[in-house]
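Asks: Have a look at the structure that comes next, please.
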Amino acid sequence: MEFVFSLDTIRQIAAEFWKAVGAYRVFAFHGEMGAGKTTFIHALCDIKGVSSVVGSPTFSLVNEYSFQSGLIQNDIYHIDLYRVKDEEEAIQAGIEDCIYSGSYCFVEWPEKAPDLFPDDTVHVYISAVDAGMRGLKLLFPEGNL
Ligand SMILES: Nc1ncnc2c1ncn2[C@@H]1O[C@H](COP(=O)(O)OP(=O)(O)OP(=O)(O)O)[C@@H](O)[C@H]1O
Ligand SMILES: [Mg+2]
């Protein structure tokens, strides 16, 4: 599954993303610095009307958001592994607990600890197409694009 979007259309693409999510919970966001990983993850959260934010990017690798769907409260962990050195450090920071919690996990810089991710991780690739345009590719575990 592939999309091209600008900041003007990011909400529409974020909505398409949620439609494609199905039962998947762990998403590894690949892409260079400034590609737009954080911006897209924020769009994903905004669309769900996230009601609370726990944690600060300055002090922690994990931001926790939550949103209500019907009677169910859903959590989203937004994790940025940029600052971790290796898998060991990621485990010490409690990242494994998030990844195996059953909650939504959106992880930037998954390359820092690739072995931490379960087989049913969805890999997301974001890249700059040109100024303001970004490409997003979703790679589901079965290999469907
Ligand atoms: N279509 C777009 N989608 C997302 N970001 C865009 C788009 N067009 C322009 N931008 C800009 O590109 C920048 C993306 O920054 P962002 O912090 O999201 O990148 P990142 O991939 O999370 O980088 P890092 O690896 O440093 O965390 C922002 O300044 C944003 O305004
Ligand atoms: Mg980022």
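The values are calculated or read from the model by the stated rules, or taken from the named source; none is laboratory data. Computed from a prediction, not measured in an experiment: that's the story for all the values here. A quick note on method: Cβ atoms are made from the backbone with ideal geometry, for glycine too, and the neighbour counts reach across all protein chains shown.
Asks: Is there any pair with a first residue in the range 79-104 that is without any contact (Cβ under 8 Å) to a residue 24 or more places away in the chain and farther than 15 Å from ASP115 by Cα and a second that is part of a loop (DSSP other than H, G, I, E, B) and within 16 Å of ligand 2 (Cβ to nearest atom) whose Cβ atoms are under 7 Å apart and which are 6 or more apart or on different chains, and what are they?
Replies: ARG83/LEU61
Asks: Right, here's the next one. Using beta carbons and a limit of 9 Å, which pairs, at least six apart or on different chains, have the first residue in the range 32-52 and free of Cβ contacts under 8 Å to residues at least 24 places away in the same chain and over 13 Å from ILE10 (Cβ atoms) and the second one part of a loop (DSSP other than H, G, I, E, B) and near ligand 1 (Cβ under 7 Å from one of its atoms)?
Replies: The qualifying pairs are MET33/TYR82.
Asks: Can you run down the residue pairs with Cβ atoms below 9 Å, 6 or more apart or on separate chains, where the first is in the range 1-22 and within 15 Å of LYS48 (Cβ to Cβ) and free of Cβ contacts under 8 Å to residues at least 24 places away in the same chain and the partner is assigned to a loop (DSSP other than H, G, I, E, B) and more than 11 Å from ligand 1 (Cβ to nearest atom)?
Replies: GLU16/MET1
Asks: Select from the range 119-131 the residues that are exposed (fewer than 11 other Cβ atoms within 10 Å of the Cβ) and not aliphatic (A, V, I, L, M) and write down the one among them that is farthest from ALA20 (Cα to Cα).
Replies: Per the criteria, the residue is ASP130.
Asks: Residue check, THR39 against (1) assigned to a loop (DSSP other than H, G, I, E, B); (2) modelled with pLDDT of 95 or more; (3) surrounded by fewer than 16 Cβ atoms within 10 Å (Cβ to Cβ), all met but one. Which one?
Replies: Result: THR39 passes all but (1).
Asks: Could you tell me whether the range 111-121 includes any residue that is modelled with pLDDT of 95 or more, of a type in the set (A, V, I, L, M, F, W, C) and under 27 Å from THR9 (Cβ atoms)?
Replies: Among the residues of the range 111-121, not one is modelled with pLDDT of 95 or more, of a type in the set (A, V, I, L, M, F, W, C) and under 27 Å from THR9 (Cβ atoms), which makes the answer no.
Asks: Also: Are any of the residues in the range 84-103 closer than 20 Å to MET33 by Cα and of a type in the set (Phe, Trp, Tyr)?
Replies: Taking every residue of the range 84-103 in turn, none turns out to be closer than 20 Å to MET33 by Cα and of a type in the set (Phe, Trp, Tyr).
Asks: Right, next: Just checking: which of the strands (runs of 3 or more DSSP E) contained wholly in the range 69-145 hold 1 or more residues that are within 22 Å of HIS42 (Cβ to Cβ) and hydroxyl-bearing (Ser, Thr, Tyr)?
Replies: 72-80, 104-108, 122-130
Asks: Give the residue, chosen from ILE10, ILE79, ILE91, that is among the hydrophobic types (A, V, I, L, M, F, W, C) and either within 14 Å of ligand 2 (Cβ to nearest atom) or touching a Pro at 6+ places or on another chain (Cβ under 9 Å) (or both).
Replies: Among ILE10, ILE79, ILE91, only ILE79 is among the hydrophobic types (A, V, I, L, M, F, W, C) and either within 14 Å of ligand 2 (Cβ to nearest atom) or touching a Pro at 6+ places or on another chain (Cβ under 9 Å) (or both).
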